[in-house]
Amino acid sequence: MALLEVRNISKTFRGLRAVAEVSFDVPEGGIVALIGPNGAGKTTCFNMIAGSFRPDGGTVTLAGRRIDGLRQDQICHAGIGRTFQIVRPFAQLTVEENVIVGALNATGSVSVARGEARRALDMVGLGPKAGQMAASLTLPERKRLEIARAMATHPRILLLDEVMAGLRPLETDQMVQVFRTLNRETDLTILLIEHVMRAVMALAGHVIVLNHGETICAGPPEQVVRDPAVLECYLGEEAL
Amino acid sequence: MIQALFDWPTPRALAVWAALAVCLLLAPLVVGSYALSVLVLVLYFAYVGQAWNVMMGFAGQLSLGHSLYIGVGAYVSAVLFVRYGVSPWAGAVAAMAICAVIGAVIGFLAFRFSISGVYFALLTIAFAEFSRIGFDHISFVGASAGLFLPVAQRTHNDLLHLRGSPVMFYYVMLALSALALFLCRALRGSKTGYYWLAIREDQEAAQALGIDIFGYKMRAVVLSAAMTSLGGVFFAFYYNNLFPEQIFAINRSIELILGPIIGGLGTLVGPLLGAFVLTVLAESLRSATDALGLNLPGLQLLFYGVCLMVVIIFLPNGIWPALKGRLGFDDDRRSGD
Amino acid sequence: MPLDLLANVTIGGVLTGLVYGLMALGLSVIFGVVRVVNFAHGEMMTVAMYAAVLAFAWFRLDPLWAILPIGVLLFVFGYILQSRLINPFITRPEHSQFILLVAVATILTNGMLMIFGPDARNAQVGYAYDSFQIGPILLDKVRVYAATAAILVASALFAFFRYAPTGKAIRACADNQLGALVVGLDVKRLYALTFGIGAACVGAAGCLMVLLIDVTPTLGPVYTLLGFTIVIVGGLGSMAGALLGGILIGLSEALAGLLLVPSAKSMFGFALLILVLLFRPQGLMGKRT
């Protein structure tokens, strides 16, 4: 039994079928990437898994327990941590306070949460900026804050939505290192949406490709990037 | 939460607080009766401002109908005292309970139906206005003719029945304000406080971090309602007469939010500072116009309006955050000013 | 319940409701386009009412004719208010805007209190107590004239937004601010224009109100709330909704006054507001955002 099992989830928005019968598994301790052109339905899948809205059909199971239809905070308690595509820091709070909020998911004590927060911040390299206001961070730093905050909730699986977007190659590599370390040392399961293929190739053990709301290919990264159907959806029929 | 109470502020801040406490404790011995009544007013507004601040400054829910809780708190305790001889302390418990329920109802209606922002503010106004007109027609509480407490004697201090000299009321209000301050400080540094701030900042992001939005917003509304009702109890026993038109009026609601907004939304010191600045300025204004022999109804409220406008334009976060930096209290971030 | 009494009250309510609707129309336009909650709306109407009273006292100008000058006066006031004071607040958090306008409202109300004193004033026109008789139905002339004027002003507004280029530009702003900016519309100026129009609307409504009720400085908050109740009941962003809401509120107030205790009639409006906020926040004719 995989940690996260997604079976035939679908979502239609006012006549537009955003996601149609998508299924995949995320094994415990694994790193799975969800890729595809814009509008393929990747973030919609995320949102269904994380509970922003419920699927029109299908099920989402975490460690054997159905979580589709639960509220977002309940899903977080169940063990899913997520970042948002457009970062949402708590601007009027400090960097550390932001992460404390996340850490309080796992404890009722603020001082324990503070310790957890410091650890999470150190892991993403934001330790020195703990006392600064979140509003003063640059975009890459805000992304790291978002990741630290989600991690502080002690998730069993971390959902990362395009966290590499807008990063320079060096920063991307650094971020990849952070995730690799986390995955190796804490067995953290990761499901990520990514456009930056550099990160996908370096991180993912398994890749799922979506287009027009449907799965068109799934498998190890090297195999997926050579698949004709995948190339067609990215480059167009004529390019082939 | 108790542990947060013992997060001592910096020595400098502690010294200032201690000095303030000493001044306030000794004030009645030094100042005249007029100044004392002004101080009572300052503390009253500091208290109800702090109560409102819990809901707005911490949890981000704008209520413009808080006069509802003042009114209900006042009427419940007054009616129990006048009709049934119930001590105001027991009456206060009843007032808090009833207002907590009312707050829960309003909160439930609003949050279940996802009413927020402007619409929530309008909802609170509607409830307050509804009560104003309603109480005007309930003869049991005196309707529009008002409810009167038995003539207060000002000589013998009867704390049990809250009948006595202005000095007694002063200390009661001082105690209430101090309690409110400690409570808010403890809350600010607790899990609840952090969660409230997160909700205020970005509700959906907060929910994704495991925060039960509905539950925490309800806590804020209910606590704020119960705290505010005590202000109403005090009002009833201090002024000894209640009129629905006055106590539920929207002016009352606006009056009590001025302190926290001008002083500093979401801060601990804000409501106290704001209440102090406003009341002192208003009384000075009144003295000045009296001295000039002018009688201008509405001048004080006009003045409040101008203050509000000036603050919201130039110092949108209130006076305290701007002042804090100047006075060098900025390092005291963790305990929440 | 005698039927003709019911009929009289009903029609009276509808006519009054049309004036309410005109006032709410101004609010709807402002909120629908500039997205600012004009908490000073009722106070602006009160200012217009006092202006009409003065115009009548000094120049014997019938409030119906005063609509034009007072409308212009309020237009200018609204334009300046928006462009100078409110504009910087558009990007600020909602509660800041709200509080700014609460401050404006407080200043206006108490300014009027200081200038005019708390006593009620009115404009006693010659036909104040006359009525039209249609069978058993007795229609106050003031109500009929006021309602007619309200319909005329509202129609002019409809036409403006439908056919005039500026009106269409304003609607474009309301629909999609970014898009409007992209195609080169001067959004700030259009916002100021819109606020001015909304203010002119409420100015006209004030002139008409003065025919129906006496004015005191503290009318402001009551009518601000009434305006919001109407706009929310009728549906935000819908001009027809504002008029429809106005008629409904006018009607329910009149009937509540008849069937219940008259002084409690505004409770009905608040109860309606609460119900609509809970169960149909987009109002009767609004679109769900």
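Quick notes on this structure:
- Computed extension gain for B:TYR239 through B:SER114, at 0.36 nm per residue and net of the alpha carbon distance, reaches 41.1 nm.
- As a size descriptor, the averaged projected area of the C-alpha convex hull of the protein assembly as shown was calculated at 42.3 nm².
- Where GluC sites (Glu not before Pro) in DSSP loops with at most 12 other Cβ within 10 Å are excluded, longest remaining stretch of chain A: A:1-236
- Distance between the 7 Å Cα→Cβ label points at A:PHE13 and B:LEU159: 6.3 nm.
- Taking all pairs of distinct alpha-carbon atoms in chain A, Kirkwood radius in angstrom: 18.3 Å
- Farthest positive-ward along the protein assembly as shown dipole, Cα basis, beta-carbon charges - from C:PRO221, C:ALA180, A:LEU160: C:PRO221
- Span-like helix criteria (full DSSP H runs; alpha carbon extent of at least 30 Å along the helix axis; mean Kyte-Doolittle hydropathy of at least -1.0) are satisfied in chain B by B:88-112, B:166-188, B:213-239, B:269-291.
- Cα centroid separation, region B:54-77 to region C:181-251: 28 Å.
- Amide hydrogen neighbours beyond the local backbone of A:VAL225, cut-off 5 Å, H modeled: none
- Gained length - A:GLU171 relative to A:ALA229, 0.36 nm times residue gap less alpha-carbon distance: 17.8 nm
- Counting only other chain Cβ atoms within 10 Å of each residue's Cβ, the peptide A:73-80 averages 3.
- Overall dimensions of region A:76-146, expressed as equivalent-ellipsoid semi-axes from the Cα gyration tensor (√(5λ), whole Å, largest first), are 18, 15, 10.
- Cα long-axis angle, helix A:110-124 against chain A (0 to 90 degrees, to the nearest 10): 50 degrees
- Taking every DSSP bridge with both residues inside the protein assembly as shown, close to 65 percent are antiparallel.
- With the simple spin-label model, which puts each label point 7 Å out from Cα in the Cβ direction, the B:GLN246 to A:ARG184 separation comes to 7.5 nm.
- Using alpha-carbon coordinates, inclination of helix A:169-186 to the longest axis of chain A, degrees: 80 degrees
- Hypothetical label at C:ALA264: residues of region B:116-131 whose amide nitrogen lies under 17 Å (7 Å Cα-Cβ projection): B:127-131
- Given charges at Cβ of Lys, Arg, Asp, Glu: the protein assembly as shown dipole, positive-most of B:PHE243, B:ALA94, C:ALA147: B:PHE243
- Cα centroid separation - region A:146-213 against region B:157-236, whole Å: 42 Å
- Sites C:PHE59 and C:PHE160, calculated FRET efficiency, Cβ-Cβ separation with R0 35 Å, nearest 0.05: 0.80
- Under a model in which nothing but the beta-carbon of Lys, Arg (+1) and Asp, Glu (-1) is charged, the protein assembly as shown shows a dipole of about 480 debye around its Cα centre.
- Net dipole in debye of chain C [+1 Lys, Arg Cβ; -1 Asp, Glu Cβ; about Cα centre; nearest 20]: 800 debye
- Here the Debye sum runs over all C-alpha atoms of region B:144-208 as equal scatterers in vacuum, and log10 of I(q)/I(0) at q = 0.13, 0.24 Å⁻¹ comes out as -0.63, -0.99.
- Axis of helix A:139-152 versus longest Cα principal axis of chain A: the two differ by about 80°, to the nearest ten degrees.
- Helical segments meeting 20 Å axial Cα length and Kyte-Doolittle -1.0 threshold in chain C (DSSP H): C:3-34, C:41-59, C:63-80, C:94-116, C:141-163, C:187-212, C:219-234, C:239-259, C:265-279
- In this rough spin-label picture, where each label sits 7 Å from Cα along the Cβ direction, the A:ARG156-C:LEU3 distance is 7.3 nm.
- A:SER109-B:LEU14 FRET efficiency (beta carbon distance; Förster radius 25 Å; 0.05 resolution): 0.55
Only the coordinates and a few stated rules stand behind these numbers; no lab work does. Worth saying up front: this structure is predicted, and the values here are computed from it rather than measured. Glycine gets a Cβ as well: all are built from the backbone with ideal geometry, and neighbour counts include every protein chain shown.
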